[in-house]
Amino acid sequence: MNLNLRGKSALITGASRGIGAAISVILAQEGCKLHLAARNEEALRLSARQLSQDFGVEVTIHSLDLSKSDNVASLGASCGEIDILINNAGDIPVGQLQDISPDEWRRAWDLKVYGYVDLTRIIYPKMCQRGSGAIVNIVGAAGERANHNYIAGCMANAALMMFTQCLGGESMRHGVRVVSVNPGPTNSERHLSHVKIRARRELGDETRWAELQARFPAGRACNVDEVARTVAFLASDAASYISGASIRIDGGISVSRTS
């Protein structure tokens, strides 16, 4: 399928690793001009060099902490004319209500919840003025399934799902689509740190984390490439009638009787 993305420009936040890095590869393969944003400047430079070498695309990096509102404003001003916005930056800690301090909770939400909202607030009106654009929010299946051991993440994801629905229900009137994807457990550095905590809590040994994934319907967690390919489709004209929707990518975990 030709996604017709060649020549379009995309901003990906949280692009230095995991799902964000995988999305950058898929969009580079499709011929997109890329803006990559994350805190790790060295990782961004390495990624930009590799993407330019492998796919011949233009890559601009933005080394910023997007939990800071001034940095969000600066990034939005630099990338106001993009065709595709991928909101992906986030790092919300695992824990129950009393495990997460008020400062930790606010820092996490400043990056993922308010970071998504504020960057969209800058870029969305410019897309509406042009009458085209796509915004894909990387949220998470935890927003659909209450878990007291991930309370800050479940609440953040639920808020961003509703953000997607509220905005995506209106955006089509202006030629803009807003969607989200809800990955379940996904093989990334961040997921591995979370699943080790769960293995330590449930099995008494963090090195037994693979036993937890073996319980999933597919016998494994999702791969970052599987999420990235879905994101590329949703950002493309092939998904031209999808807006305000949250697409779950969890291999049936949420509806399985055994997971």
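Structure summary
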quantity	calculated
Condition check for residue 49: farther than 25 Å from residue 153 by Cβ and surrounded by 14 or more Cβ atoms within 10 Å (Cβ to Cβ)	no
Neighbours by Cβ (under 9 Å, 6+ apart or cross-chain): first from segment 53-72, under 16 Å from residue 108 (Cα atoms); second β-branched (Val, Ile, Thr) and open to solvent by less than 40 Å² (accessible area, probe 1.4 Å)	64/13; 64/72; 66/13; 66/72
Residue in segment 191-199 that is in contact with a strand residue (DSSP E or B) (Cβ under 7 Å, 6 or more places away or on another chain) and either open to solvent by less than 30 Å² (accessible area, probe 1.4 Å) or closer than 28 Å to residue 86 by Cβ (or both) present	no
Of residues in segment 82-107 being closer than 28 Å to residue 176 by Cα and at pLDDT 95 or above, the one most open to solvent (accessible area, probe 1.4 Å)	83
Segment 212-249, subset under 23 Å from residue 200 (Cα atoms) and part of a loop (DSSP other than H, G, I, E, B), residue least open to solvent (accessible area, probe 1.4 Å)	221
Among the residues listed as 112, 196, the single one being closer than 22 Å to residue 232 by Cβ, among the basic types (Lys, Arg), without any contact (Cβ under 8 Å) to a residue 60 or more places away in the chain and not in a strand (DSSP E or B)	112
Boolean, residue 128 is surrounded by 15 or more Cβ atoms within 10 Å (Cβ to Cβ), in contact with a helix residue (DSSP H, G or I) (Cβ under 7 Å, 6 or more places away or on another chain), in contact (Cβ under 8 Å) with a residue 24 or more places away in the chain and in a helix (DSSP H, G or I)	yes
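The values are calculated or read from the model by the stated rules, or taken from the named source; none is laboratory data. Predicted model only: the values in this text are computed from it and were never measured. Because the Cβ atoms are built from the backbone with ideal geometry, glycine has one as well, and the counts that use them run over all protein chains shown. Side chains included, ligands, DNA and RNA excluded: accessible areas come from the protein's heavy atoms. Shrake-Rupley method; radii C 1.70, N 1.55, O 1.52, S 1.80 Å.
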